[in-house]
Amino acid sequence: MRKADIACGVVLLVLGGVLLWESVKLRIGWGLNGPQAGFFPFWLAAGLVLCSAIIVVQAFLNRSPAAEKPYIQEGGLVPVLKVALPAFGMVALTQAFGLYPAAAIYLALYMRWIGKHRWATTLAVSLALPVASYFVFDKWFLIPMPKGHWTWISNLY
Amino acid sequence: MEAFGNLMMGFQIALTPYNLLIATAGIFLGTIIGVLPGLGGANGVAILLPITFAMPPTSAIILLSCIYWGALFGGAITSILFNIPGEPWSVATTFDGHPMAKQGRGGEALTAAFTSSFFGAAFAIVLVTFFAPLIAEFSLKFGPPEFLGIQMLTFSAFVGLGGGSVPKTLVSIFIGFLMATVGMDIISGQLRLNFGTIELMRGFNFVVAVIGLFGIGEILLTVEEGLSLKGIQAKVTWRTITSTLKELTQYWRTFIRSAVIGSWMGIKPGGATPASFMSYGFAKRLSKTPEKFGKGAIEGVVAPETAAHAAGVSALLPMITLGIPGSPTAAVMLGGLLIWGLQPGPMLFKEKPEFVWGLIASMYTGNVIGVLIVLLFVPFFAAILRIPFAILFPSIVFVCAIGAYAVNNSTLDIWYMMIFGVMGYVFKKLDYPIAPMVLALVLGDLAETALRQSLIMSQGSPKIFFASPISATLVVASILLVIWPSISRYLGRTAQH
């Protein structure tokens, strides 16, 4: 937990530094319209740098048993990755095929691979849900969902 | 009596068949959202925000606020039957609600929870009805320095009363504000912090952030904890309802006390969770049988539920009167107002009375409909959690993706949603509070405008924040709130020696 705290604090510190630099480039002084564009972000970034520095120092000094607990529960990482990675995969597929086909593949893969559901249930759910959403959003509410890079796929439906 | 006439006008709007249908649909959807892990009031409202774009604003706000009430009711179902608090403010409900369900008194616990929610909400709505016009009238005198003062007070309440680490809360606020500054500068029109990319020119949309931080982040957390859903069956029959209602009458003191605590705490941001714990604590301390608490005392369900629901309602009070939301869900609704082309704040009462009073009247109708629906459909809502998680989780991710995309019709937003999800997961684990970040992101532009306008008015002198008594009070109060934790710790230490 302590290491994760320090790592996160350092990332925030760097982020704050970059934003500080960017705001200075925008000019932080007094212009024709009062405070210039960089004024507000500059002070926010300054606050971010200060606070994340405090967090890092606090984490270094923290020797309590709670801080020594691992960041991720034992056996917790695999299930998290099993959810997160396919979800990222779905977004990538959306870019190529459109949201509905991507969601069908994602649902089917997840149900079969992780849920160990029977093929019949897997296919039924992974087809029914995107089809139902298609009628609700694209047809009923007229909110078209992304169709992807290869439009010939979305032209099929 | 002007308020009464306005309220009647509001009822004429809220009671049209279309708006009643919208309210019922909203409550139904909201309860489902409240029951599902990973979906709660804030991101439920965020996901459904795009479908309201084509509606008249009054119906749209009725739909969103009813989803909010539904989510509050849904949280009680999961806490009692599954021992899973769907929302942080239902944690206290699990203390006694779940033991009651284990003893076969699930129906009783649910009836008590719904009745308390209804009472808490009704109490707070009456307060909103009478105080909202007064506060709006008062705040008409506010200029930019006063609005900045209110904003400062809002965020310092998170720092001072949030109970978490002060630097982490501040980091969360700063990041929220910084994300709001990305893109076009509202005053000079200059592009900011986009690192030369077109992608960042639009800035970050708060709806996408809410869906990612609360939805995806929450799912990742749930998965890590290896959620096992072992629910207890409960049926609510007319007999349980009538007998429970009879039993509840003897706890009228708890009802009123909790409703007052809830309404008061709810006005401040992030107030619902401390309100539910406070009211539970008070109920236990003042009870004749404190030893029964934690083992299935019906009062232990009444107290937190009444307070949480009262707080949920009163969180809307600063939103409609001042344009400052009291909770993440209210923040999303405020964002909705901006999208529908309404300017939240005191002028809303003057310019769009039918909107404001339609919303207030719909709080009455929505909660009546809500309590009826949840009582009738408890088994249905409980059955949702029995869906295998391998179907539930990917479906929720899919629905979140739809919501994130629909805000701006941009696939990039789905990527942002996932990144926000990972960020929400990391931040939650490291105890960075997320609610202030969302509020800062929503309020960022308003806060920056208020700050810069004030400084323009005073030609750059910060003394303007102390020039009027109202803004001086607000600024001093917010500074006190921020340093209060350290003062109280110091006093506590000296008292020990």
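Bear in mind these aren't lab numbers, they're just calculated from the coordinates by the rules spelled out. All values reported here derive from a predicted model rather than from experimental measurement. Cβ: placed from backbone, ideal geometry, glycine included. Neighbour counts: every protein chain shown.
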ask   = If you put +1 on each Lys and Arg Cβ and -1 on each Asp and Glu Cβ, how big is the dipole of chain A around its Cα centre, in Debye rounded to 20?
value = 260 debye
request  = Would you mind giving the mean number of other chain beta-carbons within 10 Å of the Cβ of each residue in A:128-140, as a whole number?
outcome  = 1
inquiry  = How shielded is A:116-124 by partner chains, expressed as the average number of their Cβ atoms within 10 Å of its Cβ atoms?
reply    = 1
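Compute the length gained on full extension between residue A:85 and residue A:53: take 0.36 nm times their separation in residues and subtract their Cα-Cα distance, giving the result in nm to one decimal.
Stretched out fully, the residue A:85 to residue A:53 stretch lengthens by 8.4 nm.
Please report, in whole Å³, the volume per residue of the convex hull around the C-alpha atoms of the protein assembly as shown.
On the way: hull volume 110.8 nm³, N = 654.
Normalising the Cα hull of the protein assembly as shown by residue number yields 169 Å³.
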task = Quickly rank B:68-78, B:23-33, A:53-63 as a protection proxy: mean count of other C-beta atoms within 10 Å, highest first.
result = B:68-78, B:23-33, A:53-63
remark   = Between the Cα axis of helix B:469-496 and the main Cα principal axis of chain B, the angle (0 to 90°, nearest 10) is 60 degrees
request  = Could you tell me which of B:336, B:424, B:191 has its Cα farthest along the dipole of chain B towards the positive end, charges placed at Cβ (Lys, Arg +1; Asp, Glu -1), taken about the Cα centre?
outcome  = B:424
query = Using unit Cβ charges (K, R positive; D, E negative) and no other charged atoms, how large, in debye to the nearest 20, is the dipole of the stretch B:391-497 about its Cα centre?
reply = 420 debye
message = Could you tell me the calculated FRET efficiency between residue A:152 and residue B:412, based on Cβ-Cβ distance and R0 = 25 angstrom, to the nearest 0.05?
response = 0.65
remark   = Averaged over residues of B:252-261, the number of beta carbons from other chains lying within 10 Å of each residue's Cβ is 0
ask   = Using the alpha-carbon atoms, what tilt in degrees (0 to 90, nearest 10) does helix A:99-113 show relative to the longest principal axis of chain A?
value = 80 degrees
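Taking only DSSP H segments of four or more residues, each worth -39500 (n - 2.57), what value at 222 nm results for the protein assembly as shown once the sum is divided by all its residues, to the nearest 500 deg cm²/dmol?
-24000 deg cm²/dmol
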task = Stick to Cα atoms and the Kirkwood definition of Rh, then tell me Rg/Rh for the stretch A:77-154.
result = 1.01
remark   = The alpha-carbon pair-distance distribution computed for the stretch B:326-437, with 10 angstrom bins and whole-percent values, is 11, 24, 33, 29, 4, 0
query = In what order do A:121, B:306, B:237 fall by count of nearby beta-carbon atoms within 10 Å, going from fewest to most?
reply = B:237, A:121, B:306
query = How far is helix B:272-286 tilted, in degrees, relative to the longest principal axis of the Cα atoms in chain B, given as a value from 0 to 90 rounded to the nearest 10?
reply = 40 degrees
message = Out of the trypsin sites (Lys or Arg not before Pro) in the stretch B:105-210, which ones are loop residues according to DSSP with at most 13 other C-beta atoms within 10 Å?
response = B:141
ask   = Can you put A:117, B:309 in order, fewest other beta carbons within 10 Å first?
value = A:117, B:309
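Can you bin chain A into rounded, prolate or oblate? Criterion: square roots of the alpha carbon gyration tensor eigenvalues sorted a ≥ b ≥ c, rounded for a/c under 1.5, prolate for a/b above b/c, oblate for the rest.
Values: a/c = 4.07, a/b = 1.50, b/c = 2.70.
Verdict is oblate for chain A.
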message = Between residue A:30 and residue B:282, how high is the FRET efficiency from 1/(1 + (r/R0)^6) when r is the Cβ-Cβ distance and R₀ = 41 Å? Nearest 0.05.
response = 0.20
inquiry  = If I take R0 = 35 Å and measure r between the Cβ atoms of residue B:479 and residue B:354 in this structure, what FRET efficiency does the formula 1/(1 + (r/R0)^6) give, to the nearest 0.05?
reply    = 0.30
ask   = Given the Cα-Cα distance of residue B:4 and residue B:53 and 0.36 nm per residue of separation, how much length would full extension add, in nm?
value = 14.6 nm
query = Assigning unit charges at the beta carbon (Lys, Arg +1; Asp, Glu -1) and nothing else, what dipole magnitude in debye, to the nearest 20, does the stretch B:2-496 show about its Cα centre?
reply = 1140 debye
request  = Among B:280, B:49, B:20, flag the residue with its Cα farthest along the positive direction of the charge dipole of the stretch B:2-496, charges on Cβ as +1 for Lys/Arg and -1 for Asp/Glu.
outcome  = B:280
task = Provide the net charge surrounding residue B:289, with neighbours chosen by a C-beta distance below 11 Å and charges set as Lys +1, Arg +1, Asp -1, Glu -1.
result = +2
note = Distance in nm between residue B:15 and residue A:127 label points, each 7 Å along Cα→Cβ, equals 4.9 nm
request  = Starting from the Cα-Cα distance between residue B:491 and residue B:237, subtract it from 0.36 nm times their residue separation and give me the gain in nm to one decimal.
outcome  = 86.1 nm
task = Taking 7 Å along the Cα-to-C-beta vector as the label spot, tell me the residue B:339-residue B:102 distance in nanometres, rounded to one decimal.
result = 4.3 nm
